[in-house]
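Visitor: Questions regarding the structure given below will be posed in turn.
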Amino acid sequence: MSEARANILARLRAAPQVQPPERPYWQAPSFNDRLDRFRMMIEAVHGEVHVVTEQTWRPHLRKILAEKNVARVLAAPHLGIDWDDVVAYDAPVEDFKDQLVSGIDACVTTTRGAIAETGSLVVVPDVDEPRLASLLPPIHVALLKADDIADNLAQIIEAQGWAAAMPTNLLLISGPSKTADIEQTLAYGVHGPKELIVLVLQ
Amino acid sequence: MAADFSTRAHDALNNPQLRANFRRAMDGLMTKRAAQFEDKDNWTALRAKGAAIKARALAQLPDLLEEFEQKAIANGITVHWAETTADANRIVLEILTAHGAKKVIKGKSMVSEEMHLNAHLEAHGIKAVESDLGEYIIQLAGEAPSHIVMPCIHKNKGEIAQLFTDNIENQPYTEDVDALTAAARQVLRREFASADAGLSGANFLVAETGSLVLIENEGNGRLSTTLPPLHIAVAGIEKLVEKLDDVAPLLALLPRSATGQAITTYVNMITSPRKSGEQDGPRQVHLVLLDNGRSRVYADEQLRDTLRCIRCGACMNHCPVYSRVGGHTYGSVYPGPIGKILTPQLAGLDCAGDLPHASTLCNACVEVCPVQIPIADILVRLRTEAAEPSASPAVKGAGSGHSAVESAVWKGWQAMYANPAAYKVGTKALSVVGNLIPAAAPLLKQWTSVRTKPKFAAKTLHQLAREKGYDNE
Ligand code: SF4
């Protein structure tokens, strides 16, 4: 073990011990209509919400994307989107990078749920839906089951047992990429997607 | 840059452009934050919880660091320990050299600023490119951040437009924010795609799971930690929290305090490098844990509270000094109230002894701090340590501000106020000769240079009281 490690830990251990304080009570809010709150929060940061069904979402999505002049879409095969210009992210990023950085107009991913309080999607990238899928294309379409919207972060961490099995990467996504670095003026799509479209499956 | 705080403050106060830029920005940030915490009872309970979570983690810090390390290693992350910023720079450079890296793309990291990492890498032939828009702008300008959350808050559109025209090929002059943002996106996309490594900080390190939690709005943090084949994170040892669900209340505090947002666009939890079968993500993740004086500060129970800081910047947004003089005036990486207590502790009172005095002790920072750091008390403590050091080993450079004259004056004051006879003689004497002392007298001069010398009353309080018929002194 490194000397630095030993020295740092020794200094910390030599310091006066204090009793760790208990966590006082505070509860994050809950909502009567979680979808309503989710929609309000995510629309406030430039996100788009469409309520659809298991049967209608594909044609609905096709219409939305056509209106936005989207040509090439990135989606995992298991989503069953069978239009012409749909590609899967099925190669290592080293081989796929160029296409990903500039050749894809939109990407569709699933979500593991959402948080009503803050209007956040829980996205867990995996083998079929890698990490950069929801980041590099200019439009991100996220599929969300209405029943998977939790009240708040603490609730979903607990309910889904995150602490016991953290994946490689877990993301909360609350709107499209944005910046206010220039004179506090909001601008969207600075590095990630310019648009975030949430299809809520009811 | 001028050598001391007061000279720089004087320059800043006489710069109307700078003052207007800061005033507008701070007013906006204060209003947005206030709107987030309208429910006072909820705010009080939430910050008490935030403070307790951080205090609790600090109380168990050595154990949590070991637990975190064990989990992180099991997850495939390589953990390094650095006692000084020089050590941390050396470690980062070694990792990069071992990978033959020539270009590093950086997400926003205050610890990397604390290390002056970019200069170190550049000196060894490695290009470090800042990718946070604000950081990118000040890198083009060759400046340091002036705010820990919004690094280029001191610049206006016109200045940024000019920088872009001068530095980006074929970039016409435009003050349109969307166009400027799009130009940066294009330039930086290329940098991301060709970077050999990504570097980031971390907002929280979770001992329970060995995860790094990073928050941001732009997506550059996600890109820096995902696209290049190598990810190096640098973080102070105080970033630990015990449990994953401790992150929830802290996330309910940090972005709302910082920018008045309910949450940042991205919360990025990283627990391992790319696993086999996964298509992207770095193949190696390294974390450098930096001490740089933190474990020394930790030795003092009062000063330890400094380490609760979650770097939200609310204290600077609300500071009447910061909002008028701006971040560069502090001459240190961390400006504003947190900088005034952190910098002298990390660097030593002998190096940054004037910072604890750059405050009116108005307590605005204490009122908004989401983790209840008693900034004003610590400022007073540091002022005292500079003049009359205690035995605490936590303070570097204690006693460096000691002045025999000042010390004698206070001792005389103390003796006079502790003894009725001396007090009577002393105040009587001042009522007679006080007004004869010129404002430019040696010891008074500095004080009266910015204030009118007060007039001593012709009669002392005792005399007045006696005239009114009170005789029981
Ligand atoms: S001292 Fe408190 S208010 Fe200031 S940056 Fe740290 S956490 Fe925020």
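Visitor: Tell me, please, whether a residue that is facing chain B (nearest Cβ under 8 Å) and in a strand (DSSP E or B) can be found in the range A:137-149.
Guide: Scanning the range A:137-149, I find no residue that is facing chain B (nearest Cβ under 8 Å) and in a strand (DSSP E or B), so the answer is no.
Visitor: Across the range B:135-185, what is the number of residues that are among the hydroxyl-bearing types (Ser, Thr, Tyr) and outside any helix (DSSP H, G or I)? Full working, then the answer.
Guide: Restricting attention to the range B:135-185, the residues satisfying the condition of being among the hydroxyl-bearing types (Ser, Thr, Tyr) are B:136, B:146, B:165, B:173-174, B:181.
Pick out the ones that are also outside any helix (DSSP H, G or I) and you get B:146, B:173-174.
Of the residues in the range B:135-185, 3 are among the hydroxyl-bearing types (Ser, Thr, Tyr) and outside any helix (DSSP H, G or I).
Visitor: Can you pull out every residue in the range B:325-341 that is more than 10 Å from the ligand (Cβ to nearest atom) and either free of Cβ contacts under 8 Å to residues at least 24 places away in the same chain or closer than 25 Å to B:Pro249 by Cα (or both)?
Guide: Within the range B:325-341, B:Ser332 is the sole residue that qualifies.
Visitor: Hey, another quick one. Kindly provide the set of residues from the range B:381-414 that are more than 26 Å from the chain's Cα centre (by Cα) and of a type in the set (D, E, K, R), ordered by number.
Guide: Listed by number, the residues that qualify are B:Glu406, B:Lys411.
Visitor: Which members of the range B:290-309 meet the condition of being more than 8 Å from every other protein chain (Cβ to nearest Cβ) and more than 14 Å from B:Asp377 (Cα to Cα)?
Guide: Answer for the range B:290-309, where residues must be more than 8 Å from every other protein chain (Cβ to nearest Cβ) and more than 14 Å from B:Asp377 (Cα to Cα): B:Leu290, B:Asn292, B:Gly293, B:Arg294, B:Val297, B:Leu307, B:Arg308, B:Cys309.
Visitor: Right, something else. If you go through the range B:247-265 one residue at a time, do you hit one that is more than 24 Å from the chain's Cα centre (by Cα), at pLDDT 95 or above and away from the ligand (no atom under 16 Å from the Cβ)?
Guide: Let us first name the residues in the range B:247-265 that are more than 24 Å from the chain's Cα centre (by Cα), namely none.
No, every residue in the range B:247-265 fails to be more than 24 Å from the chain's Cα centre (by Cα), at pLDDT 95 or above and away from the ligand (no atom under 16 Å from the Cβ).
Visitor: Here is a list: B:Arg8, B:Arg24, B:Arg33, B:Arg47. Which entry is within 30 Å of B:Glu143 (Cβ to Cβ) and at pLDDT 95 or above? If you could, list the steps in order and put the result at the bottom.
Guide: Numbers: B:Arg8 fails: at pLDDT 95 or above; B:Arg24 fails: at pLDDT 95 or above; B:Arg47 fails: within 30 Å of B:Glu143 (Cβ to Cβ).
Just one listed residue meets the conditions, B:Arg33.
Visitor: A further question follows. When you go through B:Ala207, B:Ala252, B:Ala235, B:Ala258 one by one, which is the residue that is at the interface with chain A (Cβ under 7 Å from one of its Cβ atoms) and either of a type outside the set (D, E, K, R) or surrounded by fewer than 23 Cβ atoms within 10 Å (Cβ to Cβ) (or both)? Walk me through how you get there before you give the answer.
Guide: Values: B:Ala207 fails: at the interface with chain A (Cβ under 7 Å from one of its Cβ atoms); B:Ala235 fails: at the interface with chain A (Cβ under 7 Å from one of its Cβ atoms); B:Ala258 fails: at the interface with chain A (Cβ under 7 Å from one of its Cβ atoms).
Selected residue: B:Ala252, the only one of B:Ala207, B:Ala252, B:Ala235, B:Ala258 that is at the interface with chain A (Cβ under 7 Å from one of its Cβ atoms) and either of a type outside the set (D, E, K, R) or surrounded by fewer than 23 Cβ atoms within 10 Å (Cβ to Cβ) (or both).
Visitor: Where the second residue is loosely packed, with under 14 Cβ neighbours inside 10 Å and the first is more than 8 Å from chain B (Cβ to nearest Cβ) and lies in the range A:90-107, which pairs have Cβ atoms under 6 Å and are six or more apart or on separate chains?
Guide: Close Cβ pairs satisfying both conditions: A:Asp105/A:Ala71.
Visitor: Counting only residues that are of a type in the set (A, V, I, L, M) and surrounded by fewer than 24 Cβ atoms within 10 Å (Cβ to Cβ), how many does the range A:183-197 have?
Guide: Of the residues in the range A:183-197, the ones of a type in the set (A, V, I, L, M) are A:186-187, A:190, A:196-197.
Right, trim to surrounded by fewer than 24 Cβ atoms within 10 Å (Cβ to Cβ) and you get A:186-187, A:197.
Of the residues in that region, 3 qualify.
Visitor: If only one of B:Val111, B:Val79 is more than 12 Å from chain A (Cβ to nearest Cβ) and under 23 Å from B:Ala195 (Cα atoms), which one is it? Step through it out loud before you land on a result.
Guide: Values: B:Val79 fails: more than 12 Å from chain A (Cβ to nearest Cβ).
Among B:Val111, B:Val79, only B:Val111 is more than 12 Å from chain A (Cβ to nearest Cβ) and under 23 Å from B:Ala195 (Cα atoms).
Visitor: Looking only at residues that are within 14 Å of chain A (Cβ to nearest Cβ) and assigned to a helix (DSSP H, G or I) in the range B:117-134, which one is farthest from B:Gly28 (Cα to Cα)? Give the steps one after another, and end with the answer.
Guide: At the first step, the residues of the range B:117-134 found to be within 14 Å of chain A (Cβ to nearest Cβ) are B:129-134.
Filter again for assigned to a helix (DSSP H, G or I), leaving B:133-134.
Details: B:Leu133: 19, B:Gly134: 17 Å.
Looking at residues that are within 14 Å of chain A (Cβ to nearest Cβ) and assigned to a helix (DSSP H, G or I), I get B:Leu133.
Visitor: I would also like to ask the following. Answer with yes or no whether B:Pro282 is farther than 27 Å from A:Gln17 by Cα, more than 14 Å from the ligand (Cβ to nearest atom) and either modelled with pLDDT of 95 or more or not assigned by TED's automatic domain parsing to the domain that holds B:Trp81 (or both). Can you show your working first?
Guide: Values: farther than 27 Å from A:Gln17 by Cα: yes; more than 14 Å from the ligand (Cβ to nearest atom): yes; either modelled with pLDDT of 95 or more or not assigned by TED's automatic domain parsing to the domain that holds B:Trp81 (or both): yes.
Yes: the conditions hold for B:Pro282.
Visitor: For residues that are more than 7 Å from chain B (Cβ to nearest Cβ) and not in a loop (DSSP other than H, G, I, E, B), tally how many sit in the range A:159-202.
Guide: Of the residues in that region, 10 qualify.
Visitor: Test of understanding: among B:Lys102, B:Lys108, which residue is modelled with pLDDT under 95 and in the same structural domain as B:Ile215 (by TED's automatic domain parsing)? Write out each step before concluding.
Guide: Values: B:Lys102 fails: modelled with pLDDT under 95.
The match here is B:Lys108.
Visitor: A further question on this structure: Across the range B:28-76, which residue is nearest to B:Val368 (Cα to Cα) among those that are outside any helix (DSSP H, G or I) and within 11 Å of chain A (Cβ to nearest Cβ)?
Guide: Initial filter on the range B:28-76 (outside any helix (DSSP H, G or I)): B:37-39, B:60, B:76.
Those left that are additionally within 11 Å of chain A (Cβ to nearest Cβ): B:39, B:60, B:76.
On the way: B:Asp39: 14, B:Gln60: 26, B:Gly76: 39 Å.
My answer is B:Asp39.
Visitor: Which is in a helix (DSSP H, G or I), within 43 Å of the chain's Cα centre (by Cα) and under 26 Å from B:Val405 (Cβ atoms), of B:Gly434, B:Gly426? Spell out how you get there, then give the answer.
Guide: Values: B:Gly426 fails: within 43 Å of the chain's Cα centre (by Cα).
Testing whether each residue is in a helix (DSSP H, G or I), within 43 Å of the chain's Cα centre (by Cα) and under 26 Å from B:Val405 (Cβ atoms) leaves just B:Gly434.
Visitor: Something else: If you check A:Pro130 against the conditions, is it within 8 Å of chain B (Cβ to nearest Cβ) and over 20 Å from A:Arg39 (Cβ atoms)? It would help to see each step written out before you state the result.
Guide: Details: within 8 Å of chain B (Cβ to nearest Cβ): yes; over 20 Å from A:Arg39 (Cβ atoms): yes.
The answer is yes for A:Pro130.
Visitor: Right, B:Ile263: facing another protein chain (nearest Cβ under 10 Å) and without any contact (Cβ under 8 Å) to a residue 60 or more places away in the chain or not? Before you say what the answer is, go through the steps one by one.
Guide: Details: facing another protein chain (nearest Cβ under 10 Å): yes; without any contact (Cβ under 8 Å) to a residue 60 or more places away in the chain: yes.
Spelling it out, B:Ile263 is indeed facing another protein chain (nearest Cβ under 10 Å) and without any contact (Cβ under 8 Å) to a residue 60 or more places away in the chain.
Visitor: Got a sec? Which helices (runs of 4 or more DSSP H) wholly within the range B:342-410 have at least 1 residues that are within 12 Å of the ligand (Cβ to nearest atom) and either more than 14 Å from every other protein chain (Cβ to nearest Cβ) or of a type in the set (Val, Ile, Thr) (or both)?
Guide: In the range B:342-410, the matching helices (runs of 4 or more DSSP H) lie at B:364-368, B:375-387.
Visitor: Select from the range B:301-323 the residues that are among the hydroxyl-bearing types (Ser, Thr, Tyr) and more than 9 Å from the ligand (Cβ to nearest atom) and list them in ascending order. First the steps, then the outcome.
Guide: Narrowing the range B:301-323 to residues among the hydroxyl-bearing types (Ser, Thr, Tyr): B:306, B:322-323.
Correct list: B:Tyr322, B:Ser323.
Visitor: Determine whether B:Arg8 is under 29 Å from B:Gln372 (Cα atoms), in a helix (DSSP H, G or I) and of a type in the set (Lys, Arg). Walk me through how you get there before you give the answer.
Guide: Numbers: under 29 Å from B:Gln372 (Cα atoms): no; in a helix (DSSP H, G or I): yes; of a type in the set (Lys, Arg): yes.
When the stated conditions are applied, B:Arg8 does not pass them.
The values are calculated or read from the model by the stated rules, or taken from the named source; none is laboratory data. This is a predicted model, so every value here is computed, not measured. All Cβ positions, even for glycine, are placed from backbone atoms using ideal geometry, and neighbour counts span all protein chains on display.
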